[in-house]
């Protein structure tokens, strides 16, 4: 009996030991399975972001909550990326831009790319596109983009890309900065501005909700919005995560978001009194036109014929006057100013010198002809050389200088407000260019020049004669040089 009880107790002890050992082993295995998982698990990353608080339905802050298109997209992207987005409230869009610059928030949820913003932001792929529009009071004609704005005052929200775009591409447009689209539309309704730039969905939301009757959409404003995340450059490592999530958003989810927030409605206005008045006026105009056409049709043909003849004569007369005006002041061979025009300009410069004591210089350039053994020179060669000299003169002198063909082979350059030293530099350069570029390969022609500065109480004749004497001195010394008159 005792042996039987001992065997029974021994078997029970062995069974308990095996059970306890299996439980310990199971717990050990469970810890080995769960412990690596807990060690490898990564906490969700928190991303702080700011929004435009007054841009419904794209995005807005209502009762301290982020609502709108961008709010729905952020929820989607959070699901797809594992990021946790935390809103940093702001009062204005300008404040949101300031916050992301300073790092108070890491991301702006919905904005366009611009050169200014690239200085402190990097951008994700765009995830929403929408047109911009021009809004004006009733009665304003359709505007063909910013080119049709004219002298009207345009309202633009501070910090919006449109400010930078208009300033760069349409500097003549007058801009008035407003705090938000709602503020701008309110000012537009009161007549404080003429045109407001806004986003299609947000403008229609305002007009429909406020039941504004005196505002209409009058055109599109380029460029359209291509909206993306703007990330402070210090946190650019999250951009690949954002891009990956954006690329994986299902198309049907995008359509659902658009349908949810797109409340664009077609608005019809019927004013039967205006329609009646307009119809009556049109009928009166039609009756008047029929009567007029019956009574003056024959005279209209005659007047049209005479007007065409007069226009033809006026065009012919204008062309001839222009031709005469050009011929009266220009040389027919070289196209330079002629002698009479040069004398007139020189007299004007002398008069200016007498009144204001502004100096002037005169350069006389002469091309000397070397005849062949028979004393002949082909007229064709002579004309070509003179044309080349004229072209070289125009290419060498300054814009303010006046070049003329004074006689057959003599050219005069009048240099206003030019002292003798500056005139000498110009004359030397001119003679060198003519001698090297034109006359080097032609043994029949040589160039020489004289230079002088206008003196007190000197007439053009005296000035020209004094310069000509210097020219003759250059010729005696062997050409290809400039002599300054005493």
**OP:** Rounded to the nearest 0.05, what FRET efficiency do residue 307 and residue 384 give with R0 = 45 Å and r taken as the Cβ-Cβ distance? Could you check?
**Re:** 0.40
Original post:
Tell me, what is the FRET efficiency for residue 169 and residue 217 to the nearest 0.05, using R0 = 30 angstrom and their Cβ-Cβ distance as r?
Top reply: 0.90
Original post:
Each label point is 7 Å from the Cα along the Cα-to-Cβ direction; what then is the distance between the points at residue 315 and residue 233, in nm?
Top reply: 6.0 nm
Subject >> Burial ordering of 129, 179, fewest other beta-carbon atoms within 10 Å first >> reply: 129, 179
Original post:
What is the order of 428, 213, fewest Cβ neighbours within 10 Å to most?
Top reply: 213, 428
**OP:** Would you mind checking the stretch 198-214 for residues with the amide N under 17 Å from a putative spin-label position 7 Å along Cα→C-beta of residue 142?
**Re:** none
Original post:
How high is the FRET efficiency between residue 113 and residue 399 when r is their beta carbon distance and R₀ equals 56 Å, given to the nearest 0.05?
Top reply: 0.85
Original post:
Roughly how many nanometres apart are two label points built 7 Å out from the Cα toward the Cβ at residue 436 and residue 63?
Top reply: 8.6 nm
Original post:
Can you give the Rg and Dmax of the stretch 47-261 based on its C-alpha atoms, in angstrom?
Top reply: 17.2, 52
Subject >> 19 Å cut-off, amide nitrogen to a point 7 angstrom out along residue 332 Cα→Cβ, residues in the stretch 384-419 >> reply: 384-388, 390, 404-410
Original post:
Which angle from 0 to 90°, rounded to the nearest 10, does the C-alpha axis of helix 69-81 make with the longest principal axis of the chain?
Top reply: 60 degrees
**OP:** Mind jotting down a quarter of the surface of the convex hull over the alpha carbons of the stretch 37-135, in square nanometres, one decimal?
**Re:** 8.3 nm²
Subject >> Cα long-axis angle, helix 93-102 against the chain (0 to 90 degrees, to the nearest 10) >> reply: 80 degrees
Subject >> Spin-label model distance (nm) - residue 299 vs residue 469, 7 Å beyond Cα toward Cβ >> reply: 7.5 nm
**OP:** Of the DSSP beta bridges with both residues in the chain, give the percent that are antiparallel, rounding to the nearest 5.
**Re:** 75 percent
Original post:
Using alpha carbon coordinates only, what is the Rg to Rh ratio of the stretch 398-486, with Rh defined as the Kirkwood radius?
Top reply: 0.96
Original post:
How large, in Å, is the chain by the Kirkwood hydrodynamic radius built from its alpha-carbon pairs?
Top reply: 32.7 Å
Original post:
What is the fewest-to-most order of 348, 456, 59 by other Cβ atoms lying within 10 Å of their Cβ?
Top reply: 456, 348, 59
**OP:** Could you work out how far helix 272-329 tilts from the main Cα principal axis of the chain, as a 0 to 90 degree angle to the nearest 10?
**Re:** 40 degrees
**OP:** Please label the shape of the stretch 270-328 as rounded, prolate or oblate, based on the square roots a ≥ b ≥ c of the eigenvalues of the alpha-carbon gyration tensor (a/c under 1.5 means rounded; beyond that, a/b larger than b/c means prolate, else oblate).
**Re:** oblate
Subject >> Pairs of Cα atoms farther than 22 Å apart, the stretch 339-484, % >> reply: 36 percent
**OP:** Run the numbers on the stretch 339-484 and let me know its relative contact order in percent, using alpha-carbon pairs under 8 Å that are six or more apart.
**Re:** 33 percent
Subject >> Contour excess over end-to-end distance, with Cα ends at residue 224 and residue 91 and 0.36 nm allotted per residue >> reply: 45.4 nm
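No value in this document is a laboratory result; all are computed from the given coordinates. These numbers were taken from a predicted model, which means no experiment stands behind them. Don't worry about glycine lacking a Cβ; one is built from the backbone with ideal geometry, like all the others, and counts go over all protein chains shown.
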